[in-house]
1. Considering only the stretch 91-106, I want to know if a residue exists there that is of a type outside the set (A, V, I, L, M), surrounded by 13 or more Cβ atoms within 10 Å (Cβ to Cβ) and either modelled with pLDDT of 90 or more or out of contact with any strand residue (DSSP E or B) (no Cβ under 8 Å at 6 or more places or on another chain) (or both).
2. Taking the stretch 72-82, which residues are modelled with pLDDT under 95 and surrounded by 13 or more Cβ atoms within 10 Å (Cβ to Cβ)?
3. Can you list residue pairs whose Cβ atoms sit under 7 Å apart, with the first residue in the stretch 56-83 being more than 13 Å from His21 (Cβ to Cβ) and of a type in the set (Lys, Arg) and the second being at pLDDT 95 or above and part of a strand (DSSP E or B)? Count only pairs 6 or more apart in sequence or on different chains.
4. Tell me which residues, restricted to the stretch 45-75, are touching a helix residue (DSSP H, G or I) at 6+ places or on another chain (Cβ under 8 Å), hydrophobic (A, V, I, L, M, F, W, C) and assigned to a helix (DSSP H, G or I).
5. Within the stretch 35-51, which residues are more than 21 Å from Ser24 (Cβ to Cβ) and of a type in the set (Gly, Ala, Ser)?
Amino acid sequence: MKNQDLAKNVDTEEQLNRVFHALSDPTRRALLKRLSEAPEKVTVLAEPFDMSLNAVSKHLKTLEKAALINRDNAGRTSICSLRAEPLHDAQDWLDQYARFWGDTLDALSRHMDEHYEDGPDGKGETS
């Protein structure tokens, strides 16, 4: 693997780590859900949460570091908007494992069909 390809792979892995870290918190997921509807001021985003504006801002900073949101400043007002591209990259990564689990479950089903007549409870085993 070339150095450039290796560096790109490391960058991709680091970006995925930031995305999954950002998604690991329910508050940040709720913020992303709200932003999926429309861009919003930070103060409006913070309203439904039982935490300080500073705490919400820290959550937004984590989302921003993961490149999941943009924050535009207009004077003293910050407006956040969703960036979906990193979510697509995370979905692509997850899809690799969805295929694996689908294949694994299909193989398990074939095994069960081949070795059990009445199901996996051990009754009616044909082997």
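1. For the stretch 91-106, residues of a type outside the set (A, V, I, L, M), surrounded by 13 or more Cβ atoms within 10 Å (Cβ to Cβ) and either modelled with pLDDT of 90 or more or out of contact with any strand residue (DSSP E or B) (no Cβ under 8 Å at 6 or more places or on another chain) (or both): present.
2. If the condition is that a residue be modelled with pLDDT under 95 and surrounded by 13 or more Cβ atoms within 10 Å (Cβ to Cβ), then Ser78 is the only one that fits.
3. That search, which allows pairs on different chains as well, returns Arg71/Cys80; Arg83/Ile69; Arg83/Asn70.
4. Leu45, Ala46, Leu53, Val56, Leu60, Leu63 - these are the residues of the stretch 45-75 that are touching a helix residue (DSSP H, G or I) at 6+ places or on another chain (Cβ under 8 Å), hydrophobic (A, V, I, L, M, F, W, C) and assigned to a helix (DSSP H, G or I).
5. Across the stretch 35-51, the qualifying residue is only Ala38.
The values are calculated or read from the model by the stated rules, or taken from the named source; none is laboratory data. Because the structure is predicted, anything quoted here is derived from the model rather than measured. Cβ atoms come from the backbone with ideal geometry, glycine included; neighbour counts cover every protein chain shown.
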